[in-house]
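The values are calculated or read from the model by the stated rules, or taken from the named source; none is laboratory data. Just so it is clear, the model here is predicted, and its values are computed rather than measured. Cβ atoms come from the backbone with ideal geometry, glycine included; neighbour counts cover every protein chain shown. With ligands, DNA and RNA removed, areas are computed over all heavy atoms of the protein, side chains included. Shrake-Rupley method; radii C 1.70, N 1.55, O 1.52, S 1.80 Å.
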Amino acid sequence: SRRGGGAAGCGLRPPCPAPALLCGLLAAVAAVAEGGRALPQLSDDIPFRVNWPGTELSLPTTGVLYKEDNYIIMTTVDKEKYKCLLPLIASGNEEEEKDYKGPTPGELLEPLFKQSSCSYRIESYWTYEVCHGKHIRQYHEEKETGQKINIQEYYLGNMIMRNPLSEPGELSCASDLFLSLSQIPTKNIEGQMTPYYPVELGNGTPCSLRQNLPRSSTVMYICHPEAKHEILSVAEVTTCEYEVVILTPLLCNHPKYRFRASPVNDIFCQSLPGSPLKPHNLEQLEKQQEMLKMPFRRVKEEEMPSTKEEKFSSIHKPVAVGSHQLLTVGTTHISKLTDEQLIKEFLSGSYCFHGGVGWWKYEFCYGKYVHQYHEDKESGKTSVVVGTWSREEHIEWSRKNAARTFYLREDGTQTVRMVSHFYGNGDVCDLTDKPRQVTVKLKCKESDSPHAVTIYMLEPHSCQYILGVESPVICKILDTADEYGLLSVPS
């Protein structure tokens, strides 16, 4: 599916208003342009933006570089011709990386392997356990009649030691050697290419779908300065083969593993004689999009209590260190209101949680909506409605799905550990021609900061999303959940 939750794309970050022309533009970059010049491949994971500057063009003097001979000629279906100047994509951190003489990534992670710590991720049914340097386990616990606990479990991989007497930290030496001889691998996480350190685990539970071959996993460790080795995601990339992403601060001392925000790379397309400044079909499509947006904007402006929301929205700033915005998976520090005030504001929908990393950010207003948006100094704010709240639709959804999941305490009592809410009737998806919809999973997350919130977005099916919202604030209200998972202010 396309990055950014099904918004029009093909490598160009949304909006991509003329798919045939603009997607063709990126495809053509990989081909041979006029005069037989072979142009470099532009990765689909790097954000681009097409500009139509007209006859007067002044190229940027800082940032991405351009050369006059690095262009292609594009022709639309209406025979309009454009000369498109392409950016030269390069990393700007070669010197620091070249001079680095510190520990290898494997050595940086060695304390994590030696202290035998485990990380957990709770989903609606499965719980995932990553014991670093040892194994990955996927399990589900059910309490049967007579107080017996039935555990369904699979090992997704075990650490294979070449020498039975070797220490866990020594297992990374092969990866260090491989990575020193090759390029650091990267993974697209919420629209940003993020370097990671891979650790392979094999010899898991036999897989019946693959002739009883053992399950295997790749654990991808990525730098996050404020993380505590959390599991960001678990994905089954092929049958019984998994990818697990772990956030850890230990890698951040290595310059090659620090997160860097990818800049948006501009492509400048100038019209050739006899062609309009911008393709006719593109202008028509942009006008249609503006007309579709206008009614939505008017309604939302009338609904919003301006002074109150402006006061709160100014507080929602991503945590930053120095000049770099961190890969926070949506972790922000929310307002230092009293707990009682904060809970009331959150449950009324007037205090919204913001998060997300990369091109798209997310806004969740309880009992109102989930928005996905991007803000740009030049083009302003692009917003996609992922889902809107309807109590009736959620109650109907909850009759077929688990609105509450429980945790069994050691004393035999149950407590709510997560509630799930359905938000439907979002903007129509160009991939499915159906409205977007999202299941919001509200989970308790203990933290040293009582006013922290973590937000992450998953897209298991095209334009059908899961929004995870985790915060100590939620811990205080989960036990108020009724049979439909609806929350209220604690008495």
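List of remarks:
- Most tightly packed first, judged by the mean number of other beta-carbon atoms within 10 Å of their residues, the peptides 273-286, 219-232 read 219-232, 273-286.
- In this structure residue 210 has an accessible area near 70 Å², from a 1.4 Å probe over the protein heavy atoms.
- Accessible area per residue for segment 365-451 is 54 Å², calculated with a 1.4 Å probe on protein heavy atoms, without ligands, DNA or RNA.
- Sorting the segments 241-253, 130-142, 389-401 by their residues' average number of neighbouring beta-carbon atoms within 10 angstrom, most packed first, yields 241-253, 130-142, 389-401.
- Cα shape, segment 370-410, gyration tensor, a/c 1.5 rule: oblate
- Rounded if a/c under 1.5, otherwise prolate or oblate - segment 354-483, Cα gyration tensor axes: oblate
- Accessible surface of segment 373-451 [probe 1.4 Å, protein heavy atoms]: carbon and sulfur percent: 43 percent
- Qualifying trypsin sites (Lys or Arg not before Pro) in segment 100-129, DSSP loop, other Cβ atoms within 10 Å at most 14: 101
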